[in-house]
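See structure below.
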Amino acid sequence: MKRFFQKMRGSRRTHVRKPLAEIFWSWLGGFLGIFAVWQINRYLGIQENANLFLVGSFGASAVLIYGAPMSDFSQPRNLVGGHVISALAGVLVHLMLPDQIALAGALSVSIAIAAMLLTHTTHPPGGATALIAVTGGDSIFNLGFKYILTPVLTGVLIMLFIALIVNNLSANTDRHYPKFWF
């Protein structure tokens, strides 16, 4: 039992603060990425209520791809694959269990986790994408499988495009994106 609790102490010190230039590029990417997704989804006619999903899972994706672009979780395969696989899991679970929100929520997230791990596409915000598919209300439910294409796939592709530009504008040669594609 003692060993179990010792594992919770942590073994490393916290990281030093990022340089201001890196914080700026992360801020710029986050702003442009979310703003572009919001505006393009509005232009495509996605209902305002459907945009609630952007605040959750895409906000978390923005932190990863703009704030930690070298993380494995931030790479294009993980960003796109993780969200699409998770959206599919969520839509399928909602179709099977439309009236069992608690069970559907737990099942959609756990299936998304397993599917992302099996396909090497783990992107933590994908869990929220799956959960939103089963808890998002009629504006999400009415999209059915279209939820996977828009807003999910269109949104991640827009964010990926912004990440490719912003993360490579920095003069810091250590800040580049992507680290790998596939």
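Remarks
- Over the chain: helical MRE at 222 nm, DSSP H runs n ≥ 4 each giving -39500 (n - 2.57), nearest 500: -18500 deg cm²/dmol
- In this calculation the C-beta distance from Ala68 to Ala36 is compared with R0 = 22 Å, giving a FRET efficiency of 0.65.
- Mean sequence separation of contacting Cα pairs (under 8 Å, at least six apart), scaled by the length of the chain, corresponds to a relative contact order of 30 percent.
- Among Lys2, Lys7, the order by Cβ neighbours within 10 angstrom, fewest to most, reads Lys2, Lys7.
- Karplus-derived 3J(HN,Hα) values for the range 120-136, using 6.51 cos²θ - 1.76 cosθ + 1.60 with θ = phi - 60°, are 6, 10, 4, 9, x, x, x, x, 5, 4, 5, 5, 5, 4, 9, 10, x Hz; glycine and proline are entered as x.
- Volume in Å³ per residue [convex hull over Cα atoms, computed for the range 77-182]: 91 Å³
- Just checking the listed ones, Phe73, Phe58, Phe31: in the Gaussian network model of the chain with Cα springs under 10 Å, the one fluctuating most is Phe31.
- Computing FRET efficiency as 1/(1 + (r/R0)^6) for Asn168 and Ser110, where r is the C-beta to C-beta distance and R0 is 45 Å, gives about 0.80.
- For the chain, fraction of C-alpha pairs farther apart than 20 Å, in %: 56 percent
- GNM result for the chain, Cα springs below 10 Å: residue of Gly137, Gly30, Gly82 fluctuating most strongly: Gly137
- Charge dipole magnitude, Cβ of K and R +1, D and E -1 - the chain, Cα centre, debye nearest 20: 960 debye
Every read-out reported here was derived from the displayed coordinates using simple, explicitly stated rules and does not represent laboratory data. Just so we're clear, the structure is a prediction, and the values are computed from it rather than from any experiment. Cβ sites come from the backbone with ideal geometry, for glycine too, and all protein chains shown count toward neighbours.
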